[in-house]
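The structure under discussion appears below in the form of structure tokens.
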Amino acid sequence: MLDPKKVLLENSPKPYTCPMTIVHIVEPFASGIAVFVKYLSEAMPDDLHIIIHGERRQVMPASDVKRTFSSSNVRFIKWRSAQRSINPFKDFLALVELYKILRRLRNKALVDGVHLHSSKSGFLGRMVCKALGIRNVFYTPHGAPFLSGKTVFSKYVYRQVERFGNSLGGKVICCSLSELNAYLSLGIPATYISNGVAVDDKRRVECRKLREKFRVITSGRITAQKNPSLFNSIAYYFREFDQFEFIWAGDGGDKHLLTEKNIIVTGWLNQQEIKKLVSEADMYLSTALYEGLSFGVLEALTLHKPVLLSNCVGNMDVVKNGINGDLFRTEADAIVKILRYYNNGEMLYVMGNFSKSICEAEFDVKSNFNNYRKLYANTGHTAPSKKWAFT
């Protein structure tokens, strides 16, 4: 009799035997969410991860994203009808397609748990799981969607959609404590497991040497959520100071908002290229309107960078004010802090070392992501108890 845990899926080179099979449903198969699923599959090497994914070719082709997954415990199924924009007809097609895929996997005993990533996957996925009687369902928003509304009405609509989605079942697992509090404020029960990155890199940085440019960097998709207009406005203040340069490592639909001559937009780079740019910068700046918990920021911490972050959900979980960086509320506040960093090279070195220490204590992917397996196996979890402190 065929072992139901031995499976050969499309594009799979060989069968894979495992104790647990987790199905991930991912509409935006790019950027931070793709990194999240990759880290999660690596943190659970003995279990099989089936990734049902959409594609955003304008960000990165799915084939390129797949190549970043080096583990042998991952299989891919393309969700061909999935797309970002809201379109009732296309979304219905995506719903039907997802139903057929999950039903086939369920009938082959290949669904021990379903993990939904992002708002659209979360909404459609919970509808399908409800219809199929799949109960072990988890939803990670990766940035609360009801924080993205531009008007009072749109925020109200997003909140109601989240409440309705929650009524369909599943457990909400947030990426940070502040994101958890945002969901609890809606009356939606939730828990959280902080995002994390690999922190076993033993490299150390030297105190900043004088050079031609003071480099301020950010990374990720250039979208409204990342607030490129504010990034541009901050750079505008420094436009006549030749010793400052601003780098956006990434690309996106709102690239046209980055118009200042002292801003360099790199386009899409691989992970190693981005790490190199961040390691060579003096500080990391985030102007985001909201986050789940940014992998770009966490990578900056592990690379010993002081971080200057907008005071928003997700960002506020990373900064110990005045220790490894600062939060800011206004453009003027950010400018003053950048000037203070520029004039205090020794301070940057000390804050950068605190960044690494904080990341080791609170955002180690190995310790944090192990909690997901406890959730999938219905054994519960506790939030990481180790917290950074002066020693």
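What number comes out for the charge environment of residue 239, summing +1 per Lys or Arg and -1 per Asp or Glu over other residues with Cβ under 12 Å away?
Value of the local net charge: -3.
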ask   = Long-range amide H contacts for residue 115: which residues qualify at under 5 Å (H placed 1.01 Å from N, peptide plane, sequence gap of 5 or more or a different chain)?
value = 23, 24, 25, 138
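For the chain, what % of the accessible area comes from carbon and sulfur atoms, probe 1.4 Å?
C and S atoms contribute 54 percent here.
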task = Would you mind classifying region 70-144 by shape? Square roots of the alpha carbon gyration tensor eigenvalues, ordered a ≥ b ≥ c; an a/c under 1.5 is rounded, otherwise it is prolate if a/b is larger than b/c and oblate if not.
result = rounded
message = Can you give me the distance in nm between label points at residue 132 and residue 242, each placed 7 Å from the Cα along the Cα-to-Cβ direction?
response = 6.2
ask   = Under a 5 Å amide H to amide H cut-off, with H placed in plane at 1.01 Å, what residues pair with residue 247 once short-range neighbours are removed?
value = 216, 217, 218, 264
message = Per residue, how much accessible surface does the chain expose to a 1.4 Å probe? Answer in Å², no decimals.
response = 45
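Counting other C-beta atoms within 10 Å, and keeping those with at most 13, which DSSP coil trypsin sites (Lys or Arg not before Pro) do you find in region 34-63? Spell out each step's value before the answer.
Details: sites: 38, 56, 57; in loops: 57.
Sites meeting the loop and neighbour criteria: 57.
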Neighbourhood charge, 13 Å Cβ-Cβ cut-off, centred on residue 97 and excluding it, Lys, Arg +1 and Asp, Glu -1 = +4
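For the chain, what proportion of DSSP beta bridges, expressed in % and rounded to the nearest 5, is antiparallel? Mind dumping the intermediate values first?
Numbers: 3 of 48 bridges.
Restricted to the chain, the bridges split so that about 5 percent are antiparallel.
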key: Added length on full extension, which subtracts the Cα-Cα distance from 0.36 nm per residue, residue 57 to residue 153   = 31.4 nm
request  = Calculate, in nm to one decimal, what residue 200 and residue 280 gain on full extension: separation in residues at 0.36 nm each, minus their alpha carbon distance.
outcome  = 26.9 nm
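Give me the net charge for the shell around residue 321: Cβ to Cβ below 15 angstrom, other residues only, Lys and Arg +1, Asp and Glu -1.
Working: positive: 320, 329, 337, 340; negative: 317, 326, 333.
Here the count lands on +1.
The values are calculated or read from the model by the stated rules, or taken from the named source; none is laboratory data. Here the structure is a predicted model, which is why all the values come from computation and not from measurement. With ideal geometry, Cβ positions are generated from the backbone for all residues, glycine too; neighbour counts draw on all protein chains shown. Accessible surface is based on the protein model in full, side chains and every heavy atom, while ligands, DNA and RNA are left aside. Shrake-Rupley method; radii C 1.70, N 1.55, O 1.52, S 1.80 Å.
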